[in-house]
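Colleague: The structure's right below; bear with me while I get my questions together.
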Amino acid sequence: MSTKVAESTTSVGNASPEKVPTLLSRLLGNQQFLLLIAFIVLVAFFTTRNSVFLSNGEFANIFADFASLILLGVAETYVIATGGIDLSVGATSGFAGVVAAFAMRSMHGSEAVVLIVGFLVCIAIGALVGVVNGVLMNYAGLVPFVATLVTLGAAGGMSIVLTGGAPIGNDPNAIATTVSIIGPFSWPVLVVIAITIISGLYLHASRFGKYTFSIGSNEFASRAAGINVKSHLMKVYVLSGVLSGITGMFFYLRLGSGAPTSGAGAELSAIAAVVIGGAQLSGGSARLSGTTLGALILTTVTSGLIIMNVQPNWNQVAVAILIAIAAGFQTLRPSKRKK
Amino acid sequence: MAHFDETPLYEARNIGKSYGSVIALSDVSLKIHAGEVIGLVGDNGAGKSTLVKILSGVYQPDKGQLLVDGVEHSWKSPHDAMEAGVETLYQDSGLAPDLSIGSNVFLGRERMRPGILGKLGFLDQKFMEVEARKDLEKVGITIPASKRNVSQLSGGQRQAVAIGRAVAWARKVILLDEPTNHLGARQSNEVLGVIKAAKERGLGVVFISHTLPHVLQVTDRIVVLRLGRVVKDAPTSEFNAESLLGTITGLSGSRVEEDETEAIA
Ligand SMILES: Nc1ncnc2c1ncn2[C@@H]1O[C@H](COP(=O)(O)OP(=O)(O)OP(=O)(O)O)[C@@H](O)[C@H]1O
Ligand SMILES: [Mg+2]
C-alpha cells in the first residue's frame with residue numbers, strides 16, 4: 001500500500017519542477033553578494049575622493065569602529081532571529097563599562113590582571129541585564145520591545161546616577177595595550193572578530209542556532225516539538241547582554257575610561273546593521289555574514305564622510321538612506337517566504 | 001480489531017479544561033487501544049483540538065488524569081508526551097516555515113555531529129536531510145528536496161510533511177487533528193491509507209475530521225463531542241452517515257437533518 005501512496009504523492013512533489021537558476025540570477029538574488037559589491041564600491045569611491053582612505057591608519061580606525069558595533073550587531077541578530085528586539089544593548093554596554101571602570105580604578109595590580117577583571121565585570125553586568133530582560137518577558141509577560149525599553153532606561157539612568165555624568169577612571173595604559181599587532185588589527189579587534197566568527201558558526205550550524213530560528217519562525221511549532229521556548233529565549237537575551245558587556249569593555253579600551261554615555265544610541269546602529277544584512281524583523285530568517293557586511297558598510301560610510309569633511313550630522317541621514325535602500329531590496333526581491 | 005479488555009495504550013479520564021470563563025471540556029474520557037483508530041468528531045468549537053492539545057502536553061488539564069499503559073502521567077511539556085511515544089499533528093500549523101523540511105522533521109530531536117563537534121552543539125545537518133527524506137518515503141510521502149524551506153511548499157505538501165513527521169516518530173499513539181485539511185480528494189485518500197498503515201503497525205490513532213464519510217470509512221470507534229462533553233462513544237458499526245450527523249448536531253430525526261446528510265454523502 002505504501003508504494004501506491006508514494007507514487008501519487010511524488011507527483012505532488014513534482015508538480016512544481018525545479019528550475020536550475022543561472023549563476024548570475026543566483027548571485028543577484030543573494031543579499032550577501034550585493035552587500036559585498038556595495039562595500040567594495042564604497043571603499044573605491046571614498047578612496048578616489050581622498051587617498052588617505054586606503055591607508056593603514058584609516059583602516060585601523062574603521063576596524064575599531066566596526067569592532068564597537070559588530071558585537072551589538074551579533075547580539076541583535078540572534079535576538080531578531082527569535083522574532084524579538086533588544087533595545088537595551090547600547091545602554092548595557094555603557095553601564096557595564098562604567099561599573100567595570102569603578103572596579104578597575106580601585107585595583108592595584110598588573111595591567112593584564114586589571115583588564116581581565118574589567119572583562120569579567122563587564123560580562124557579569126551584561127548577563128545580569130540579560131537575565132532581567134528574560135524575567136520581564138517570561139514571568140512578567142512583557143513583549144521584548146517593552147522589556148528591553150525598561151532595561152534601556154534603567155541601565156542608562158544608573159550609569160548617569162553612578163558617575164554624575166563624568167567618565168570614570170583615567171587609564172592611558174589600557175589604551176596603550178591596544179597598539180596594532182597584525183596590520184590594522186589591535187588585539188581587541190582580533191578578539192571581536194574571533195567572537196563574531198564563533199557566533200556565526202553557532203547561529204548557523206548548531207542546535208542552539210536552530211532553536212533560535214525555529215522560535216522566530218513559529219513559536220507554537222517549536223513548543224510543540226518539545227523545545228523549552230522560555231529557557232531558550234532567556235539564553236538568547238543573556239547572550240545579548242554578555243556581548244553588550246564585552247562591547248562596554250571595548251569602549252573602555254578605546255577611551256581609557258568608563259563613560260556613561262559611550263553606548264548611547266548604539267542599539268539603533270546595531271539594528272540598522274542587521275536590517276541592512278537582510279534579516280526579517282519578524283524573525284526566523286537572518287544571516288550573521290549579512291550583519292557583518294552591514295556593520296562594515298555602516299562604518300565605512302561614517303569614516304568616509306568624515307574624511308570627505310562632511311558635517312557629522314549628515315551621518316544619520318546616510319544611515320537612514322542605507323536602511324531605506326536595504327529595505328527596498330527586500331521588498332523588490334521575489335519573496336521566498338509566505339507565512 | 002482491538003481487544004477492548006486489554007489495558008489501553010493511552011487513556012484520558014474525566015478531563016476538564018476551561019479558558020477563563022469558557023468551559024472547553026468537561027468530564028471527557030477516552031480510551032485508545034493498540035491497533036485502533038478512534039474518530040473524534042464534533043461541531044466547530046466542540047473541544048476536539050483542546051482535547052488533542054491536552055493529550056499531547058501543550059495544555060495541562062484542570063481536572064482528570066492521563067494514563068499511558070495504565071500508568072498515570074502528567075505532561076509538563078509536549079516533550080514529555082513525545083518521549084512517551086505520543087506524536088501529534090496540530091490543526092494550526094506545527095511546522096516552522098523558515099526551516100528546511102529536514103530540520104522540521106528533526107525539530108526537537110536533532111542529530112548531532114559525531115565526536116567533539118557534536119559535544120560542542122553542532123548539528124549533523126546532512127544526516128538529517130537524508131534521513132528525513134527516507135522517513136517521509138517510508139510513510140509514503142516523497143518530497144522534492146528536504147533542504148528546501150517549508151515556506152516554499154504548497155499547503156498540501158506542508159500538510160504531508162507534518163503527517164509524515166508524526167507517523168515517522170510515533171511509537172504508541174498518533175493524534176491527527178484534521179489531517180486532510182488543505183488536501184485534494186486524492187491526497188485525502190492517501191492520508192486515509194497512511195492511517196490504515198499506522199493501525200497495522202499497532203499504533204493507536206486519533207483521527208479528527210469534519211468529513212464524515214472518511215471517519216466512517218477508516219475508524220473502529222467514534223467519539224462524538226458536543227459543547228465540550230462526550231455525547232456518544234460507540235463502535236463505528238453502530239453509526240451511519242445520518243445518525244452520526246444527528247449525534248453531532250443533536251437534532252436527530254428531523255426532516256431538515258436528513259436533507260443535510262444526503263447533501264454531505
Ligand atoms: N487559546 C484559547 N483561548 C480561549 N478559548 C479557546 C482557546 N482555544 C479554544 N478556545 C475555545 O474553546 C472551545 C473549544 O475549541 P477547540 O479549538 O477545542 O474546538 P474544535 O472542536 O477543535 O473546533 P474546530 O472544529 O473548529 O477546530 C471553543 O469555544 C473555543 O472558542
Ligand atoms: Mg479544532
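Colleague: What is the residue count in segment B:73-96 for residues that are buried (at least 22 other Cβ atoms within 10 Å of the Cβ) and facing another protein chain (nearest Cβ under 9 Å)?
Modeller: Qualifying residue count, segment B:73-96: 8.
Here is a yes/no grid of residues against (1) in contact with a Gly (Cβ under 8 Å, 6 or more places away or on another chain); (2) under 23 Å from B:Thr211 (Cβ atoms); (3) more than 16 Å from ligand 2 (Cβ to nearest atom):
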site	(1), (2), (3)
B:Gly16	yes, no, yes
B:Ser26	yes, no, yes
B:Ile32	yes, yes, yes
B:Gly42	no, yes, no
B:Ser49	no, yes, no
B:Tyr59	no, no, no
B:Glu72	no, no, yes
B:Ser77	yes, no, yes
B:Glu87	no, yes, yes
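Colleague: Going through segment B:51-69 one residue at a time, which ones are within 14 Å of another protein chain (Cβ to nearest Cβ), open to solvent by 10 Å² or more (accessible area, probe 1.4 Å) and either among the small types (Gly, Ala, Ser) or within 12 Å of ligand 1 (Cβ to nearest atom) (or both)?
Modeller: Hits for segment B:51-69 are B:Lys53, B:Val58, B:Tyr59.
Colleague: So B:Gly156 fits all but one of (1) open to solvent by 10 Å² or more (accessible area, probe 1.4 Å); (2) farther than 24 Å from A:Phe220 by Cα; (3) touching a residue at least 24 places away in the same chain (Cβ under 8 Å); what number is the exception?
Modeller: (2)
Colleague: Say whether the condition of being within 26 Å of A:Glu219 (Cα to Cα) and not polar (S, T, N, Q) is met by at least one residue in segment A:87-109.
Modeller: Yes, the conditions are met somewhere in segment A:87-109.
Colleague: How many residues does segment B:197-213 contain that are touching a strand residue (DSSP E or B) at 6+ places or on another chain (Cβ under 8 Å) and not in a loop (DSSP other than H, G, I, E, B)?
Modeller: Result for segment B:197-213: 8.
Colleague: Sticking with this structure for a sec: When segment B:125-144 is examined, which residues are found to be farther than 23 Å from B:Gly193 by Cα and either within 26 Å of the chain's Cα centre (by Cα) or facing chain A (nearest Cβ under 10 Å) (or both)?
Modeller: Result: B:Gln125, B:Met128, B:Glu129, B:Val130.
Colleague: Could I ask something else about it? Checking B:Trp169 against (1) at the interface with another protein chain (Cβ under 9 Å from one of its Cβ atoms); (2) farther than 19 Å from B:Leu212 by Cβ; (3) modelled with pLDDT of 85 or more, which test does it fail?
Modeller: Result: B:Trp169 fails condition (1) only.
Colleague: In segment A:254-302, which residues are open to solvent by 10 Å² or more (accessible area, probe 1.4 Å), in a loop (DSSP other than H, G, I, E, B) and more than 14 Å from chain B (Cβ to nearest Cβ)?
Modeller: If the condition is that a residue be open to solvent by 10 Å² or more (accessible area, probe 1.4 Å), in a loop (DSSP other than H, G, I, E, B) and more than 14 Å from chain B (Cβ to nearest Cβ), then A:Ser257, A:Ala259, A:Pro260, A:Thr261, A:Ser262, A:Ala264, A:Gly265 are the ones that fit.
Colleague: Follow-up. List the residue pairs whose Cβ atoms are under 9 Å apart, where the first residue sits in segment B:17-46 and is within 15 Å of B:Val173 (Cβ to Cβ) and near ligand 1 (Cβ under 7 Å from one of its atoms), the second is open to solvent by 40 Å² or more (accessible area, probe 1.4 Å) and not in a strand (DSSP E or B), and the two are 6 or more positions apart or on different chains.
Modeller: From residues that are within 15 Å of B:Val173 (Cβ to Cβ) and near ligand 1 (Cβ under 7 Å from one of its atoms), there are no pairs.
Colleague: Filter segment B:163-182 down to the residues that are within 16 Å of ligand 1 (Cβ to nearest atom) and either in contact with a strand residue (DSSP E or B) (Cβ under 6 Å, 6 or more places away or on another chain) or over 22 Å from B:Glu36 (Cβ atoms) (or both) and list them by number.
Modeller: Of everything in segment B:163-182, those that are within 16 Å of ligand 1 (Cβ to nearest atom) and either in contact with a strand residue (DSSP E or B) (Cβ under 6 Å, 6 or more places away or on another chain) or over 22 Å from B:Glu36 (Cβ atoms) (or both) turn out to be B:Leu175, B:Leu176, B:Asp177, B:Glu178, B:Pro179, B:Asn181, B:His182.
The values are calculated or read from the model by the stated rules, or taken from the named source; none is laboratory data. Note that the structure is predicted; figures quoted are calculated from it, not measured. In this analysis, Cβ positions are derived from the backbone assuming ideal geometry, glycine residues included, and neighbour counts consider all displayed protein chains. Only protein heavy atoms, including side chains, enter the accessible area calculation; ligands, DNA and RNA are left aside. Shrake-Rupley method; radii C 1.70, N 1.55, O 1.52, S 1.80 Å.
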